[in-house]
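Read through the structure below, which is laid out as structure tokens, and then see the notes.
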Amino acid sequence: QVQVVESGGGLVQPGGSLRLSCVASGIIFSKYHMGWYRQAPGKQREFVAIITNGGITNYGAAVKGRFTISRDNAKNTTDLQMNSLQQEDTAVYYCSATYGTTYWGQGTQVTVSS
């Protein structure tokens, strides 16, 4: 059974930082491209970042230069370091694991507010 579980969300002030983590089980993690997406209320799901099975990274325009994605194949985890957070970053953040099929986590809420 495949499980993708996010953690690390919460409330942070504008300009602050937060680190999200995602652990995936039931898959050969090193084969999968790992991604982060987010969805704000009333908006469509938005691409945030991806790290391929070869370690290549790519970021959405809204977060480039502020967010950093990483992975640890030994621990089956992928992290998203979020710096200089803005109110516009408020959303539910989802982790994805893709290798032919895409598996999704349940999401973790990030709220940026003073």
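The values are calculated or read from the model by the stated rules, or taken from the named source; none is laboratory data. Predicted model, so just to flag it, every value in this text is computed and none were measured. With ideal geometry, Cβ positions are generated from the backbone for all residues, glycine too; neighbour counts draw on all protein chains shown. Only protein heavy atoms, including side chains, enter the accessible area calculation; ligands, DNA and RNA are left aside. Shrake-Rupley method; radii C 1.70, N 1.55, O 1.52, S 1.80 Å.
Okay, here's what the table says:
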quantity: Residue list for the stretch 18-39, restricted to those being hydrophobic (A, V, I, L, M, F, W, C) and surrounded by fewer than 17 Cβ atoms within 10 Å (Cβ to Cβ); calculated: ILE27, ILE28
quantity: So ILE56, is it free of Cβ contacts under 8 Å to residues at least 24 places away in the same chain, among the hydrophobic types (A, V, I, L, M, F, W, C) and surrounded by 14 or more Cβ atoms within 10 Å (Cβ to Cβ); calculated: no
quantity: Count of the stretch 98-111 residues which are part of a strand (DSSP E or B) and open to solvent by less than 70 Å² (accessible area, probe 1.4 Å); calculated: 5
quantity: For SER114: the one exception among (1) of a type in the set (Ser, Thr, Tyr); (2) open to solvent by 20 Å² or more (accessible area, probe 1.4 Å); (3) closer than 13 Å to ARG38 by Cα; calculated: (3)
quantity: Looking only at the stretch 56-86, and only at residues there that are out of contact with any strand residue (DSSP E or B) (no Cβ under 6 Å at 6 or more places or on another chain) and of a type in the set (A, V, I, L, M, F, W, C), the one that is nearest to PRO14 (Cα to Cα); calculated: ALA62
quantity: Residue match in the stretch 9-17 (condition: on the phi < 0 side of the Ramachandran plot and open to solvent by 70 Å² or more (accessible area, probe 1.4 Å)); calculated: yes
quantity: Pairs, first farther than 10 Å from THR98 by Cβ in the stretch 28-50, second open to solvent by less than 60 Å² (accessible area, probe 1.4 Å) and not in a strand (DSSP E or B), C-beta under 6 Å, six or more apart; calculated: PHE29/ASN76; PHE47/GLY60; VAL48/GLY60; VAL48/VAL63
quantity: Elements of type strands (runs of 3 or more DSSP E) in the stretch 1-96, at least 2 residues being of a type outside the set (Gly, Ala, Ser) and under 14 Å from GLY107 (Cβ atoms); calculated: 3-7, 18-25, 33-39, 46-51
quantity: The listed residue being touching a Lys or Arg at 6+ places or on another chain (Cβ under 6 Å) and among the hydroxyl-bearing types (Ser, Thr, Tyr), out of TYR32, TYR93; calculated: TYR93
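Rundown of residues vs (1) touching a Leu at 6+ places or on another chain (Cβ under 8 Å); (2) open to solvent by less than 70 Å² (accessible area, probe 1.4 Å); (3) of a type in the set (A, V, I, L, M), yes/no style:
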residue: PRO41; (1), (2), (3): no, no, no
residue: ILE51; (1), (2), (3): no, yes, yes
residue: GLY60; (1), (2), (3): no, yes, no
residue: ASP89; (1), (2), (3): no, yes, no
